[in-house]
Amino acid sequence: MAVRATVSRFPIDPDAQEGSGLPWGITVAPFAPTDENGNPPAYGSGGHLIPRCENCWAYFNAYCELDQWAWNCSLCGTLNGLSSECIDKYSRPQSCPEMSSSFIDLELPAEGSEEPVEARPVYVAAVDLSSSEEFLELTKSALLAALEALGPGSLFGLATFSHKIGLYDVQGPVPVVKNVFIPPDSEDRLSLELEDVMPLLQFLAPVETCKDRIASALETLRPTTSWERSTAAGQGLDGVLMGGRGFGVAMESLFNYLGSEYGSTFALARVFAFLSGPPDYGAGQLDTRRYGEQYASRGEDADRALLPEQTPFYKELAAVAVQAGVSVDIFAVTNEYTDLASLKFLSIDSGGSLFLYTSTDDSTLPQDMYRMLSRPYAFGCIMRLRTSSEFKQGHSYGHFSPDPQYENVQRIICCDSYATFAYDFEFANTVGFSRHTSEPPVLQIAFRYTVVIPPQELTDSSNGSGNRSSYSLKRRLRIRTLQYTAAHNMNEVYDSVDPEVVLSLLVHKVISASLEQGVREGRMLLHDWLVILTAQYNDAYKLIEPKNESPLNAQVDVAFSQCPQLQMLPHLVFALLRNPLLRFHEEGVHPDYRIYLQCLFSALEPSSLHRAVYPRLTSYSTPDKQAYPRHSLSRAALITSGSPIFFLDAFTTLIVFYSSTADPSLPFPPPHDCLLRTTINRLKQDRSITPKLLFIRGGQEDASAFENYLIEEQDVDGSGLTSNMGFVSFLEDITQGVLEYLK
């Protein structure tokens, strides 16, 4: 569980917090295997026996004061009694993880039984047949990669959808598909339940015995023809084709189908939905004509009009998925408007992911599929943040659903080690923290989760092979308690800033503002925030003196030269304003791509988000020797460094660029055994998604893919358009904003 705070020294009271100009909060990656410093938790059992505070319900932890009969809660100070079992247990502190570490992971007993629950992992692929041959070839490759990643004992089902739903039985000698037609009207549902079309346990095939037959079934997938779709919709061949992608009905039917075995055959089912365009048939069909409307002529903000969902159908369907124990991952492979603003809820509200690939040619879908299924995940998770009494949780951000019963409790359906959430804080009163170190700020994060334990190879063959595929579920409780200090002055606050976490909180706030009030409002919020922070910093360091002879704009320190921890923030804000997340519709930003970035950025841990917003540019004198570890994103940096090779890491894209003046004897592309390649391979391995890797030789090939990232040029605004708003002009604009603010 990695936890990072925007400031490691908390503001002492509300005035100090407001006066700092900084967001106050944390990011949490609850299922990360280690803490933010690489330390693993202390493991143990008996998670249900750990004492809890009678007042605030916090768990006993290493920061609590303990005497023979009682303990003081480190969060609220309440004195709690100890049971005789705990008195005996805590007399041997070396055997108690909660006494030796503030980061623990304890096993919980199975609910309702002494034996571990058995449940097999279930995976279902739902493939769009209203598509092209290229789309289906890519989908087949992705599913073949998925089959390699799935462990023995997993159950796999193959379904297709178009104007009909197809269910595949691959457990016989020859794959058999049974179809049920989808009614075209958006109010109608299937005339037949899928269970009546094919029993679920006939549809779900064991991977270890049916892998070859699943692969054979994949080879039979063919796109539905326009003739089939128009006939199904009751149209003549010369009629206008109205669609044939019944995605909504297919998903709803699959969830009801799978839900019948939730809790017996499986504890979590994952549905992989492969989509080649917008749902345009039956219930859940979307009207994509809104993308082509001329908003400008009506005086409307296109960005504001295209960001909200047009129907609650998919948000409501996500709730059905959660009730059925289903997590949905959507893989959209399309360059046409698909209205991901409406579809996204199906994935993010059910604990799944949303992937967008604009082309089948260079898609990383198979690699992403294998990577996603190869890493461990937890499910059925509940997370609760508690704080000491002086402050409290404000907003929470991330892909979770709030608990319907308890306040400040988040339910996470499916959570991998990369998934990151954020909270911001506010003071509970006007007093703030004590100036004495005896009562420091404390927060505690409790994360209850379930993992699937794969079958162990049995050494005793007499047990038979039937148990080889038996999976068991283990429930665990992970608790992290953190103690901070309060800053006594503003310098201490600023010196303790983590700019990457500040960026994370800003991105969450900007996304919320964009969804509620439009992209323009999100941009203004971000710009104004930097103006206010710069003004507060200049005020705290007493840098602007009206009596000084030099002009006021020359006195404003917009580069934060007195505080190294803040110096990256203007660069990050500048880059974020130039990111497609906050660019305008009229600048050519596709609304689906913006939604994809919102979903991606709001789940990234801070260091990855930093790369995605402000790429890292390093230079190499040879493929085996690094020259400089970091450059600003400008052509001037390339020229002045004199290095022949540059490596740019933009999180989703990695670019190796050879300058036009590079020695022709340097090997291109870099050899596989060199330092640069080793660095690239390590970065690819550590990513939650597969980055695209590009090699560009300057002067001989189109270098625009690389040059578009050089956003700090004076005459470039990030898209190659000539503008006077480069980084230097941006700082001048912030300076003027500061002077206006201080008037």
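The values are calculated or read from the model by the stated rules, or taken from the named source; none is laboratory data. Since the model is a prediction, treat every value here as computed from it, not as a measurement. Counting neighbours? That spans all protein chains shown, and the Cβs are built from the backbone with ideal geometry, glycine included. Accessible surface areas use protein heavy atoms only, side chains included; no ligands, DNA or RNA. Shrake-Rupley method; radii C 1.70, N 1.55, O 1.52, S 1.80 Å.
The selection criterion, being in contact with a Phe, Trp or Tyr (Cβ under 8 Å, 6 or more places away or on another chain) and among the basic types (K, R), does not hold for R523.
A residue that is more than 18 Å from Y262 (Cβ to Cβ), modelled with pLDDT of 90 or more and surrounded by 16 or more Cβ atoms within 10 Å (Cβ to Cβ) occurs somewhere in segment 116-125.
The condition (being under 27 Å from L482 (Cβ atoms), without any contact (Cβ under 8 Å) to a residue 60 or more places away in the chain and of a type in the set (S, T, Y)) is satisfied by just one residue among S84, S95: S95.
Quick check on segment 562-582. Is at least one of its residues touching a residue at least 12 places away in the same chain (Cβ under 8 Å), small (G, A, S) and surrounded by 18 or more Cβ atoms within 10 Å (Cβ to Cβ)? Checked against the condition, which is being touching a residue at least 12 places away in the same chain (Cβ under 8 Å), small (G, A, S) and surrounded by 18 or more Cβ atoms within 10 Å (Cβ to Cβ), segment 562-582 yields at least one hit.
Summed over segment 480-508, residues that are part of a helix (DSSP H, G or I) and of a type in the set (V, I, T) total 4.
When L482 is tested against (1) among the aliphatic types (A, V, I, L, M); (2) touching a residue at least 40 places away in the same chain (Cβ under 8 Å); (3) open to solvent by 30 Å² or more (accessible area, probe 1.4 Å), exactly one condition is not met: (3).
When segment 593-646 is filtered for residues that are more than 30 Å from F331 (Cβ to Cβ) and among the polar types (S, T, N, Q), the ones remaining, listed by number, are T618, S619, S621, T622, Q626, S632, S634, T640, S641, S643. Only one of the numbered conditions (1) modelled with pLDDT of 90 or more; (2) closer than 30 Å to P121 by Cα; (3) out of contact with any strand residue (DSSP E or B) (no Cβ under 9 Å at 6 or more places or on another chain) is not met by R478, and that is (3). Between A273, A283, the distinction of being over 26 Å from the mean Cα position of the chain (by Cα), within 26 Å of Y123 (Cβ to Cβ) and among the small types (G, A, S) belongs to A283 only.
With the structure loaded, tell me whether K542 is surrounded by 17 or more Cβ atoms within 10 Å (Cβ to Cβ) and either touching a strand residue (DSSP E or B) at 6+ places or on another chain (Cβ under 7 Å) or among the basic types (K, R) (or both) or whether it fails that test. For K542, the condition - surrounded by 17 or more Cβ atoms within 10 Å (Cβ to Cβ) and either touching a strand residue (DSSP E or B) at 6+ places or on another chain (Cβ under 7 Å) or among the basic types (K, R) (or both) - is not met. Annotation: I12 fulfils all but one of (1) over 26 Å from the mean Cα position of the chain (by Cα); (2) assigned to a loop (DSSP other than H, G, I, E, B); (3) more than 30 Å from Y741 (Cβ to Cβ); the unmet one is (3). Listed by position, the helices (runs of 4 or more DSSP H) contained in segment 172-226 that have at least 3 residues being more than 22 Å from S260 (Cα to Cα) are 207-219. None of D67, D13 is of a type outside the set (S, T, N, Q), open to solvent by 20 Å² or more (accessible area, probe 1.4 Å) and within 30 Å of E492 (Cα to Cα) except D13.
Scanning segment 36-64 for residues that are closer than 26 Å to A603 by Cα and open to solvent by less than 20 Å² (accessible area, probe 1.4 Å) yields a single hit, P41. Of the helices (runs of 4 or more DSSP H) lying entirely inside segment 509-588, the ones with 2 or more residues being touching a Ser or Thr at 6+ places or on another chain (Cβ under 9 Å) and modelled with pLDDT of 90 or more are found at 519-540, 569-577.
Listed by first and then second residue, the pairs with beta-carbon distance under 8 Å, at least 6 apart or on different chains, first residue in segment 276-303 and under 22 Å from L346 (Cα atoms), second modelled with pLDDT under 70 and of a type in the set (G, A, S), are D280/G243; Y281/A233; Y281/G243; Q285/G243. Those helices (runs of 4 or more DSSP H) of segment 603-717 in which 2 or more residues are within 29 Å of R375 (Cβ to Cβ) and open to solvent by less than 40 Å² (accessible area, probe 1.4 Å) occupy 606-613, 675-686. Considering (1) of a type in the set (V, I, T); (2) modelled with pLDDT under 90; (3) not in a helix (DSSP H, G or I), the lone condition that I330 does not fulfil carries the number (2). Selection of segment 304-321 for residues being closer than 14 Å to F255 by Cβ and crowded, with 18+ Cβ neighbours inside 10 Å yields F313, Y314, L317, A318, A321. Taken over segment 129-149, residues that are polar (S, T, N, Q) and assigned to a helix (DSSP H, G or I) amount to 2.
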